[in-house]
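K.L.:
Here it is: the structure, laid out below.
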Amino acid sequence: MDGKSRTASGMRPTGPLHLGHYFGVLKNWIALQESTHAYFFVADWHALTSDFADTSGLRRNIAEMVKDWAGAGLDPEKCVIFRQSAVKEHGELSLLLSMITPVSWLTRNPAYKEQQQQISNKDLGNAGFLCYPVLMAADILTYMPREVPVGEDQLPHLELTREIARRFNALYGEIFPEPRALLTPAAKCPGLDGRKMSKSYGNGIFLSDSFADIEDKVRGMFTDQARMRRSDPGNPDVCNLFPYHVLLTEDPVREDIRLGCATAALGCVDCKKIFLARLRDFLAPLQERRAALERRQGAVEDILAAGNARARAFARGTLERAREKMGL
Ligand code: TRP
């Protein structure tokens, strides 16, 4: 071994990735492909736990997700990019872990309760949705990673993963490490309307958006809502745009913007122009990489076929040990 630790993580293929995904999670993944043995998968089984009724977009979303990832800079030469459902070991381990997971752990999971309450347009009374965290524990533990790079919203699931690992180890003997969450250092990415950026709120800037669309979106973006007239001083700390300057605009330009806003020397229209230029510089290479991939026939299929095989090769070993420990 080369001394590098392992990491593993996944995303549900529910639609195009936006800036919140990039700065919240993907940026971490891109760094980890250099420093660890990283396994990143499209969680298509997890997508089915809530979107089982209409699966017509699933295949397309899987391919789009791989394009978004590769465009953003995940490199199939540096990490393992694969599809969850292509590695059946995740399913088998999930079944085995379900034997030792009390149902009460699942029903009291805060993420479960919250989603059951908040999502009213879908029926989430299915067993698959209840068992979401067991499958997620299996996804993770299959690769015995030290760290799992995720967004904050995944923390309750990860806590359950550790509890399940602990229980397995106590019952059958230590095989699973208890993986830690790895969060991206606080990247604030508000949506266009100031709420959290989310596809379901329709307030996102997507990595694959055309610049014409981005210009329209940014023009309508909320800034400091107390700043009514151009001559009013603004407050960058309550502006929805300024956090993006924190992410994309270098000092000393950013400090000039802060000062210009607070003294009314700089108006929101000009501030947005600076942001648009920065965003264009940031997104252009991502979109070029994505376009190059789209020009190569079968590129996505090739990436997944190679990644699936590498993931399976590792997963097989874990399942052999788990089965053996459980007396199968
Ligand atoms: N729950 C994650 C999401 O909503 C997806 C996911 C599935 C995952 N399995 C995982 C994330 C294992 C990290 C590790 O996007």
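The values are calculated or read from the model by the stated rules, or taken from the named source; none is laboratory data. Please read these numbers as outputs of a predicted model, since none were measured by experiment. Virtual Cβ from ideal backbone geometry, glycine too; neighbours counted across all protein chains shown. Quick note on the areas: whole protein, heavy atoms, side chains included, nothing else; ligands and nucleic acids left out. Shrake-Rupley method; radii C 1.70, N 1.55, O 1.52, S 1.80 Å.
K.L.:
If I go through the range 135-161 residue by residue, how many of them are assigned to a helix (DSSP H, G or I), more than 8 Å from the ligand (Cβ to nearest atom) and open to solvent by 20 Å² or more (accessible area, probe 1.4 Å)?
P.N.:
4
K.L.:
Considering the range 77-101 alone, what residues qualify as being out of contact with any strand residue (DSSP E or B) (no Cβ under 7 Å at 6 or more places or on another chain), surrounded by 11 or more Cβ atoms within 10 Å (Cβ to Cβ) and not in a helix (DSSP H, G or I)?
P.N.:
Matches in the range 77-101: LYS78, VAL87, THR101.
K.L.:
Additional query: Going by what's in this entry, would GLY15 be described as open to solvent by less than 60 Å² (accessible area, probe 1.4 Å), out of contact with any Asp or Glu (no Cβ under 6 Å at 6 or more places or on another chain), closer than 20 Å to GLY202 by Cβ and not in a helix (DSSP H, G or I)?
P.N.:
yes
K.L.:
Out of the residues in the range 18-43 that are near the ligand (Cβ under 10 Å from one of its atoms), touching a Lys or Arg at 6+ places or on another chain (Cβ under 8 Å) and not in a loop (DSSP other than H, G, I, E, B), state the one that is nearest to PHE129 (Cα to Cα).
P.N.:
So the residue we want is VAL42.
K.L.:
Taking GLY125 as meeting all but one of (1) modelled with pLDDT under 95; (2) part of a loop (DSSP other than H, G, I, E, B); (3) within 15 Å of the ligand (Cβ to nearest atom); (4) not charged (D, E, K, R), write down the number of the exception.
P.N.:
With respect to (1) modelled with pLDDT under 95; (2) part of a loop (DSSP other than H, G, I, E, B); (3) within 15 Å of the ligand (Cβ to nearest atom); (4) not charged (D, E, K, R), GLY125 is out only on (3).
K.L.:
Right, another one. Considering each of ASP232, ASP256, ASP281 in turn, give the residue that is in a loop (DSSP other than H, G, I, E, B) and outside the structural domain of MET65 (by TED's automatic domain parsing).
P.N.:
ASP232
K.L.:
A further question follows. Which ones in the range 225-262 are of a type in the set (Lys, Arg) and either exposed (fewer than 13 other Cβ atoms within 10 Å of the Cβ) or under 25 Å from VAL25 (Cβ atoms) (or both)?
P.N.:
Once the filter is applied, which keeps residues that are of a type in the set (Lys, Arg) and either exposed (fewer than 13 other Cβ atoms within 10 Å of the Cβ) or under 25 Å from VAL25 (Cβ atoms) (or both), the range 225-262 yields ARG229, ARG230, ARG254.
K.L.:
Checking PHE222 against (1) closer than 14 Å to PRO243 by Cβ; (2) without any contact (Cβ under 8 Å) to a residue 40 or more places away in the chain; (3) open to solvent by less than 20 Å² (accessible area, probe 1.4 Å), only one condition comes out false. Which one?
P.N.:
(3)
K.L.:
Being open to solvent by 70 Å² or more (accessible area, probe 1.4 Å), closer than 23 Å to ARG6 by Cα and part of a loop (DSSP other than H, G, I, E, B) is the requirement here; does PRO177 meet it?
P.N.:
no
K.L.:
Could you tell me which residue of the range 162-174 is farthest from HIS21 (Cα to Cα), considering only residues that are open to solvent by less than 50 Å² (accessible area, probe 1.4 Å) and among the hydrophobic types (A, V, I, L, M, F, W, C)?
P.N.:
PHE168
K.L.:
I'm checking my understanding of the structure. Among residues of the range 190-208 that are open to solvent by less than 20 Å² (accessible area, probe 1.4 Å) and touching a Lys or Arg at 6+ places or on another chain (Cβ under 9 Å), which one is nearest to ARG254 (Cα to Cα)?
P.N.:
PRO190
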